[in-house]
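The values are calculated or read from the model by the stated rules, or taken from the named source; none is laboratory data. Remember, it's a predicted structure, so these values are computed and weren't measured experimentally. Virtual Cβ from ideal backbone geometry, glycine too; neighbours counted across all protein chains shown.
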Amino acid sequence: MKKNVVIKINESWCKSCEICVSFCPKKVYDMGQFYPIVARPEECTGCKLCEKLCPDFAIQIIIPEETKKTK
Ligand code: SF4
Ligand code: SF4
């Protein structure tokens, strides 16, 4: 995993559209029974594409380095 990216999925907002599963360039997600599963977090580059594409704002990508810079 690059930069220890943290992927958070808010399952109560997710409507299982699978956009994140289809569009992640690194195939980080697998579709579970109801929600996407972060199957390969070590592949995540922190590009935030999934966060931008999720129509329900259910994904949050947290890059620790970014938050440290603001100190
Ligand atoms: S931030 Fe980019 S690489 Fe990481 S899960 Fe989202 S789309 Fe995939
Ligand atoms: S794009 Fe958002 S709403 Fe769609 S499956 Fe992924 S997390 Fe759920």
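The table below gives the values:
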{"read-out": "Residue within region 11-21 that is more than 7 Å from ligand 1 (Cβ to nearest atom) and modelled with pLDDT under 95 present", "value": "no"}
{"read-out": "Hits in region 23-35 - residues which are more than 9 Å from ligand 1 (Cβ to nearest atom) and surrounded by 12 or more Cβ atoms within 10 Å (Cβ to Cβ)", "value": "MET31, GLY32, TYR35"}
{"read-out": "Residues being within 11 Å of ligand 2 (Cβ to nearest atom), surrounded by 14 or more Cβ atoms within 10 Å (Cβ to Cβ), touching a residue at least 12 places away in the same chain (Cβ under 8 Å) and of a type outside the set (S, T, N, Q) - total across region 38-63", "value": "7"}
